[in-house]
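Written out below as structure tokens is the structure these notes cover.
Derivation of every value follows stated rules applied to the coordinates shown; laboratory data play no part. Since the model is a prediction, treat every value here as computed from it, not as a measurement. Every residue, glycine among them, receives a Cβ derived from its backbone with ideal geometry; neighbour counts consider all protein chains shown.
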Amino acid sequence: MMRQSNLFKSEQGHIGTDESGKGDYFGPLVAAGIFLPEGQDKVLKELGVRDSKKISDNRIRELSKQIRDGYRHSIVTIGPERYNELYLNLRNLNRILAWAHSRVIENILEEVPCTLAVTDQFGDKSFVLNALMKKGRDIELIQKPKAEEDTAVAAASILARSEFLKRLYYLSKDFKAELPKGSSPRSEETGVELVRCFGADVLNKVAKRHFKLTRRILDAASR
């Protein structure tokens, strides 16, 4: 796929952003975004781009490479330790999301001038606007439910999920345990095993500690 910078005037289009990992106990929080030139919806839809929750993990990895190769994009990853530190200070997941999405938007604006960004509705719009630095202050921000219906947001969701899966895989290798996606009884079982093996502090390195699951894991591990 030819680089988009060779095909389109950069200002004709919009940015879409999305995140992955906010509902997963283990692993990072990842925000991603792409700049979608005007008229490119059809190209991505023909590739099979849609909400990442409707696509298999293997296909997400394939699509992610095609999107990264063909479109201006940014991926911001907040690992578990940094995430837990931010949550301790901010006490609000939406503020962390706003920080991550705003960094993605700013990074893309470093490469391409753009006046519009679309993202999912995850909190007060002012959270993102206030988190934007000088470069992004003039952008029009649209937040809406089911934003994945926007092709740029759907593509961003694929980039974010692919990066999340990759980071979760390497985290699993580091601790010699298969860290499950989501937040389920299996997540609790894995957490108990990790705490018994490495101590309670391990959760700061692999998990989002503010989940209610943490208390259940610590209680079970101490029995």
Tally time: how many residues in the stretch 40-49 are in contact (Cβ under 8 Å) with a residue 12 or more places away in the chain and either closer than 21 Å to residue 108 by Cβ or part of a helix (DSSP H, G or I) (or both)?
6
Residue in the stretch 153-184 that is surrounded by the most Cβ atoms within 10 Å (Cβ to Cβ), counting only those that are of a type in the set (A, V, I, L, M) and over 14 Å from the mean Cα position of the chain (by Cα):
179
Checking residue 15 against (1) within 16 Å of the chain's Cα centre (by Cα); (2) of a type in the set (A, V, I, L, M); (3) closer than 19 Å to residue 151 by Cα; (4) in a helix (DSSP H, G or I): exactly one of these is not met. Which one?
(4)
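Would you kindly identify the strands (runs of 3 or more DSSP E) lying entirely within the stretch 66-170 that contain at least 2 residues that are closer than 24 Å to residue 210 by Cα?
On the way: elements: 73-78, 116-120, 140-144.
Result: 73-78.
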Just name the residue that is nearest to residue 164 (Cα to Cα) out of those in the stretch 174-213 that are without any contact (Cβ under 8 Å) to a residue 40 or more places away in the chain and among the β-branched types (Val, Ile, Thr).
202
Among the small types (Gly, Ala, Ser), buried (at least 16 other Cβ atoms within 10 Å of the Cβ) and farther than 20 Å from residue 146 by Cα: which single residue out of 21, 27 fits that description?
27
Sort through 191, 182 and tell me the only one that's part of a helix (DSSP H, G or I) and among the small types (Gly, Ala, Ser).
191
